[in-house]
Amino acid sequence: CHHVTGECSCPPGWTGHDCTHPCSSGRWGRGCENSCACDGSDGGCDPVTGACSCEPGFTGERCQ
């Protein structure tokens, strides 16, 4: 936590006042600042790494 404000510095994939909320679907990284860049997926990706979660029948880095 910040020594003056008390604001938490959440690890990648987590957000909220006390870092207890995972990133919402379609978001990832520190502060959930990044958008998932996946084509043939359910719109989701790993909240920490941004790796795409492919739907059945799709493969590749971006589920293309």
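The values are calculated or read from the model by the stated rules, or taken from the named source; none is laboratory data. All values derive from a computational prediction rather than experimental measurement. Cβ coordinates were reconstructed from backbone atoms using ideal geometry, including for glycine residues, and neighbour counts include every protein chain displayed. Calculation scope for accessible area: heavy atoms of the full protein, side chains included, ligands and nucleic acids excluded. Shrake-Rupley method; radii C 1.70, N 1.55, O 1.52, S 1.80 Å.
General remarks:
- Filtering the stretch 30-41 to residues that are surrounded by fewer than 17 Cβ atoms within 10 Å (Cβ to Cβ) and in a loop (DSSP other than H, G, I, E, B) leaves 33, 37, 39, 40.
- Cβ-Cβ contacts under 9 Å between residues 6 or more apart (or on different chains), taken from a first residue in the stretch 50-64 that is among the hydroxyl-bearing types (Ser, Thr, Tyr) to a second residue that is part of a loop (DSSP other than H, G, I, E, B), are listed as 53/36; 53/38; 53/46; 53/63; 59/40.
Here is a yes/no grid of residues against (1) at pLDDT below 90; (2) out of contact with any Leu (no Cβ under 8 Å at 6 or more places or on another chain); (3) open to solvent by 70 Å² or more (accessible area, probe 1.4 Å); (4) part of a loop (DSSP other than H, G, I, E, B):
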| site | (1), (2), (3), (4) |
| --- | --- |
| 3 | yes, yes, yes, yes |
| 12 | no, yes, no, yes |
| 18 | yes, yes, yes, yes |
| 25 | yes, yes, yes, yes |
| 43 | yes, yes, no, no |
| 53 | yes, yes, no, no |
| 59 | yes, yes, yes, yes |
| 64 | yes, yes, yes, yes |
